[in-house]
1. Within region 76-90, track down each residue that is out of contact with any strand residue (DSSP E or B) (no Cβ under 6 Å at 6 or more places or on another chain) and either part of a strand (DSSP E or B) or of a type in the set (Phe, Trp, Tyr) (or both).
2. If only one of Ile150, Ile182 is under 25 Å from Thr55 (Cα atoms) and among the aliphatic types (A, V, I, L, M), which one is it?
3. Is it true that Thr17 is at pLDDT 95 or above, loosely packed, with under 15 Cβ neighbours inside 10 Å, under 23 Å from Ala111 (Cα atoms) and hydroxyl-bearing (Ser, Thr, Tyr)?
4. Across region 168-182, what is the total count of residues that are in a loop (DSSP other than H, G, I, E, B) and surrounded by 11 or more Cβ atoms within 10 Å (Cβ to Cβ)?
5. Output yes when any residue across region 49-60 is of a type in the set (A, V, I, L, M, F, W, C), surrounded by 14 or more Cβ atoms within 10 Å (Cβ to Cβ) and assigned to a strand (DSSP E or B), and no when none is.
6. Starting from region 207-220, keep only residues that are under 14 Å from Ala114 (Cβ atoms), then list their pairs with residues that are outside any strand (DSSP E or B) and among the polar types (S, T, N, Q) whose Cβ atoms are within a distance under 7 Å, requiring at least 6 positions of separation or different chains.
7. Go through region 183-228 and report how many residues are of a type outside the set (D, E, K, R), within 18 Å of Leu7 (Cβ to Cβ) and surrounded by 14 or more Cβ atoms within 10 Å (Cβ to Cβ).
8. Return the residue satisfying two criteria in turn: it lies in region 99-147 and is of a type in the set (Val, Ile, Thr) and surrounded by fewer than 22 Cβ atoms within 10 Å (Cβ to Cβ), and of such residues it is nearest to Val53 (Cα to Cα).
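The values are calculated or read from the model by the stated rules, or taken from the named source; none is laboratory data. Not measured: the values here are computed from a predicted model. Please note: Cβ atoms are built from the backbone with ideal geometry, for glycine as well, and neighbour counts cover all protein chains shown.
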Amino acid sequence: MTDAEALKRDAAAKALTYVEDGMRLGLGTGSTAKHFVDLLAERVKTGLKVVGVPTSEVTRAQAERLGVPLTTLDETPELDLTIDGADEIDPALNLIKGGGGALLREKIVAAASARMIVIADASKQVPRLGRYPLPIEVNVFGLAATRRAIEKVLEVAGCPGPISVRTKADGHVFVTDGGHMILDAACARIPDPAALASRLHSVPGVVEHGLFIGLASLAIIASPGGAEVVGRIGQ
């Protein structure tokens, strides 16, 4: 295991201490969340009683393979806790998520949870969001018009930057679990994440965006010195 993966696993292990018997969990997507599901499965094998809602088909397959009991938001519309990773975390625990392409389901699951804990290594902490390209999930219909509208929104928000259609390693367009495309906006610096989030929601054709504002209550940040628990300002 590389040093980076070891840090991710440390954060996941610390998050597991917040899981109690009988909890309804949101199971995140991505390299750090994968470690959490692995560790959760080990606890399930020793008797922990939980049920999880996966935020992607990849996470669903992993959880099923490891024997973690699953449910859906239709069957269990209120969750106790979601554990998920992030691509960027600012001091107020606002996030950029969606590097793995699961931002829509991740946000739906997080919003259905009483609490969200973010797990990450220290490289994901930033003083201001925007260094990581902002994923914006869009409907395939009217893509060019939607893209132009997004460009105008970014300019008004003070963070113009090149936008690219996400592709896979083989060059084909990336398609989300919901059948949508993702535009990645290289904003570099987002002056007001909450204002940008609101403006993006007003664009017809935008299904969801990767700005997670006010959803995370705690972040567990792993560094070589250990895993630090960081609370949201005002909580």
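1. The answer is Asp84, and nothing else.
2. Ile182
3. yes
4. Residues meeting the conditions: 6.
5. yes
6. Filtered contacts from region 207-220: Ser217/Gln235.
7. The qualifying residues number 7.
8. Checked region 99-147; the qualifying residue nearest to Val53 (Cα to Cα) is Ile108.
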